[in-house]
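I have placed the structure first, in the form of structure tokens, so that the comments after it can refer back to it.
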Amino acid sequence: LMGYTTSADMRSQIRLTFDTREEAVAYAEKEGLAYRVEEPKESKRRQISYAENFRYDRRTPWTH
């Protein structure tokens, strides 16, 4: 046994991407496919410097 995982349904393994939402919906309706449109989520990143790791008044204590 090699540790491969498989599925009997090949469609469940396919992910399609489109340039616009309208193109995606039109394709799914034309092909008679059930679809779910996921809106892109904006990621929140806090910019910190390397020096923040060594501040005296850190919010979280060292874990090591």
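Restricting attention to the stretch 19-64, which chymotrypsin sites (Phe, Trp or Tyr not before Pro) occupy a DSSP loop and are surrounded by at most 16 other Cβ atoms within 10 Å? Each step should come with its number before you reach the end.
On the way: sites: TYR27, TYR35, TYR50, PHE54, TYR56, TRP62; in loops: TYR35, TYR56, TRP62.
Counting only loop positions with at most 16 other Cβ atoms within 10 Å, the chymotrypsin sites (Phe, Trp or Tyr not before Pro) in the stretch 19-64 are TYR35, TYR56, TRP62.
Which FRET efficiency, nearest 0.05, do MET10 and GLU42 yield, Cβ-Cβ r, R0 30 Å?
It comes out at approximately 0.35.
Full extension from ALA34 to THR60: what is 0.36 nm times the residue separation minus their Cα-Cα distance, to one decimal in nm?
Contour length minus Cα-Cα distance gives 4.8 nm.
If you keep only loop residues by DSSP, which trypsin sites (Lys or Arg not before Pro) in the stretch 4-53 have at most 15 other Cβ atoms within 10 Å of their Cβ?
Sparse-neighbourhood loop trypsin sites (Lys or Arg not before Pro): ARG15, ARG36, LYS41, LYS44, ARG45, ARG46.
Taken together, the values in this text are just the output of simple stated rules run on the coordinates, not laboratory data. Here the structure is a predicted model, which is why all the values come from computation and not from measurement. Quick reminder, even Gly has a Cβ in these numbers, built from the backbone with ideal geometry, and neighbours come from all protein chains shown.
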